[in-house]
Amino acid sequence: MNTLLTRSKNLGQYGIFGAFVVICLGLAVINPQFMTVSNWTIIITQVSINALLAFGVTFVIITGGIDLSLGSMVAVTGVVAASLAHPDTYPVIVPIGVGVLSGVAMGALNGLVITKSKVPPFIVTLGMMTIGRGLALILSKGRPISNLSDSFNFIGGGSVLGIPFPILILVVFFILCTLLLKKTVLGRYIYAVGGNEQAATASGIRVNKVKMAVYTLCGGLAGLAGILLTARITTGQPNAGAGFELDAIAAAIIGGTSTSGGTGTMTGTLIGALLIGVISNGLDLLNVTSYYQQVVMGAIIIGAVVLDSWNQKK
């Protein structure tokens, strides 16, 4: 029985990678431009923001939770960072630090309300989504914040040794999140809470603290994603990030993170984010309109959830 379960999990982990490879090969045959270095640089750069959000929400989903406020966090942190990133004002570390801390604060507030009130995460984070969007409009007075310093814009548009800076940020945080999930006590606790919260409590794990940690981490990564987006578009947009939470959750679920909790990896989430980026890029190269792209992505998300449900039943 254990052997069958192990094989089933391995199939889930390698199946997404196999699908990714098949889709890439298919697109390469249809359009040779797809496999060029320049196109892949564009894909990974575009994926970097969604991947950061997906890493954060993977922690949350593994514990059995959800976070619908990610897009609003991106808007708030972007506006906060932009307001401090004008030329000849503060060193670039200030808008970066304050922006990330804004995300951390919003994530921690989510975690605090969820753990203390026992209200379902869906409801709490839905409320925070609305609050965050309002805060972004209030802080920016409903207008985009422009005139950002070159050092700040470098975060989203610069490169090091020919490698775009967003890709370097993606690689660094993929490694850090993987190590945290796989090699630390907190990572083991995250899996334990998601696998069986009652058993985790009985074994002495402080479940509320673990949940606080994952929502705070999720907020911090959303803050970083907000800064990255703001630096890429060189403007703090109060309406930025709309729908980003859905793409991030989709990347995690497509990558094998179970909606029931207890299962998921950062590698799977990264592949899920890349798969979304590849499909979007491929459809662009094939001149498919954005309307059809939304239908395709929705079908993929439903398919991933159905497969997850099927695996849970097995």
Which number in (1) within 20 Å of ILE49 (Cβ to Cβ); (2) modelled with pLDDT of 95 or more; (3) not hydroxyl-bearing (Ser, Thr, Tyr) marks the one condition that ALA213 misses?
-> (1)
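Of the residues LEU135, LEU126, LEU161, only one is under 16 Å from VAL98 (Cβ atoms) and not charged (D, E, K, R); which?
Values: LEU126 fails: under 16 Å from VAL98 (Cβ atoms); LEU161 fails: under 16 Å from VAL98 (Cβ atoms).
One residue alone meets the criteria, LEU135.
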Those residues of segment 272-297 which are modelled with pLDDT of 80 or more and small (Gly, Ala, Ser), in sequence order | GLY272, ALA273, GLY277, SER280, GLY282
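The rows are residues; the columns are (1) touching a strand residue (DSSP E or B) at 6+ places or on another chain (Cβ under 7 Å); (2) on the phi > 0 side of the Ramachandran plot; (3) surrounded by fewer than 24 Cβ atoms within 10 Å (Cβ to Cβ).
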site: ILE30; (1), (2), (3): no, no, yes
site: GLN33; (1), (2), (3): no, no, yes
site: THR41; (1), (2), (3): yes, no, yes
site: PHE59; (1), (2), (3): no, no, no
site: GLY65; (1), (2), (3): no, no, no
site: LEU68; (1), (2), (3): no, no, yes
site: MET73; (1), (2), (3): no, no, no
site: VAL79; (1), (2), (3): yes, no, no
site: PRO91; (1), (2), (3): no, no, yes
Unmet criterion (only one of (1) in a helix (DSSP H, G or I); (2) crowded, with 18+ Cβ neighbours inside 10 Å; (3) in contact (Cβ under 8 Å) with a residue 12 or more places away in the chain) for ALA200 = (3)
Tally time: how many residues in segment 42-73 are over 30 Å from PRO238 (Cβ atoms), of a type in the set (Val, Ile, Thr) and outside any helix (DSSP H, G or I)?
-> 1
Any idea how many residues of segment 158-178 are in a helix (DSSP H, G or I), more than 18 Å from GLY226 (Cα to Cα) and free of Cβ contacts under 8 Å to residues at least 12 places away in the same chain?
-> 2
Quick check: anything in segment 27-41 under 13 Å from CYS218 (Cα atoms), assigned to a loop (DSSP other than H, G, I, E, B) and of a type outside the set (Gly, Ala, Ser)?
-> no
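Can you find a residue that is aliphatic (A, V, I, L, M), in contact (Cβ under 8 Å) with a residue 24 or more places away in the chain and part of a strand (DSSP E or B) anywhere in segment 144-156? Walk me through it before giving the result.
So the first thing to find is which residues in segment 144-156 are aliphatic (A, V, I, L, M), and the list is 145, 148, 155.
Keeping just the survivors that are in contact (Cβ under 8 Å) with a residue 24 or more places away in the chain gives 145, 148, 155.
Adding the requirement that they be part of a strand (DSSP E or B) leaves 145.
Checking segment 144-156: at least one residue is aliphatic (A, V, I, L, M), in contact (Cβ under 8 Å) with a residue 24 or more places away in the chain and part of a strand (DSSP E or B).
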Out of curiosity, is THR269 within 26 Å of ALA299 (Cβ to Cβ) and either at pLDDT below 90 or hydroxyl-bearing (Ser, Thr, Tyr) (or both)?
-> yes
Candidate set: segment 104-148, residues that are of a type outside the set (A, V, I, L, M, F, W, C) and touching a strand residue (DSSP E or B) at 6+ places or on another chain (Cβ under 7 Å); chosen: the one nearest to ILE66 (Cα to Cα) = SER140
Take VAL124 and decide whether it is free of Cβ contacts under 8 Å to residues at least 60 places away in the same chain and crowded, with 16+ Cβ neighbours inside 10 Å.
-> yes
When segment 283-297 is examined, which residues are found to be assigned to a helix (DSSP H, G or I), more than 17 Å from GLY255 (Cβ to Cβ) and either small (Gly, Ala, Ser) or touching a residue at least 24 places away in the same chain (Cβ under 8 Å) (or both)?
-> LEU285, SER290
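When the residues of segment 74-116 are filtered to those that are hydroxyl-bearing (Ser, Thr, Tyr) and in a helix (DSSP H, G or I), which remaining residue is nearest to ILE49 (Cα to Cα)?
Step one: list which residues in segment 74-116 are hydroxyl-bearing (Ser, Thr, Tyr), which gives 77, 83, 89-90, 102, 115.
Narrowing further to those that are in a helix (DSSP H, G or I): 77, 83, 102, 115.
On the way: THR77: 13, SER83: 20, SER102: 17, THR115: 28 Å.
Ranking the qualifying residues of segment 74-116, first place goes to THR77.
Could you tell me whether VAL278 is of a type in the set (Val, Ile, Thr), loosely packed, with under 15 Cβ neighbours inside 10 Å and farther than 30 Å from SER117 by Cβ? If you could, list the steps in order and put the result at the bottom.
Values: of a type in the set (Val, Ile, Thr): yes; loosely packed, with under 15 Cβ neighbours inside 10 Å: no; farther than 30 Å from SER117 by Cβ: yes.
No, not satisfied.
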Of the listed residues (ASN239, ASN208), the one being farther than 30 Å from ALA28 by Cβ, touching a residue at least 40 places away in the same chain (Cβ under 8 Å), surrounded by fewer than 22 Cβ atoms within 10 Å (Cβ to Cβ) and over 20 Å from the mean Cα position of the chain (by Cα) is ASN208
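The values are calculated or read from the model by the stated rules, or taken from the named source; none is laboratory data. Since the model is a prediction, treat every value here as computed from it, not as a measurement. Ideal geometry is used to build each Cβ from the backbone, glycine not excepted, and the neighbour counts take in all protein chains shown.
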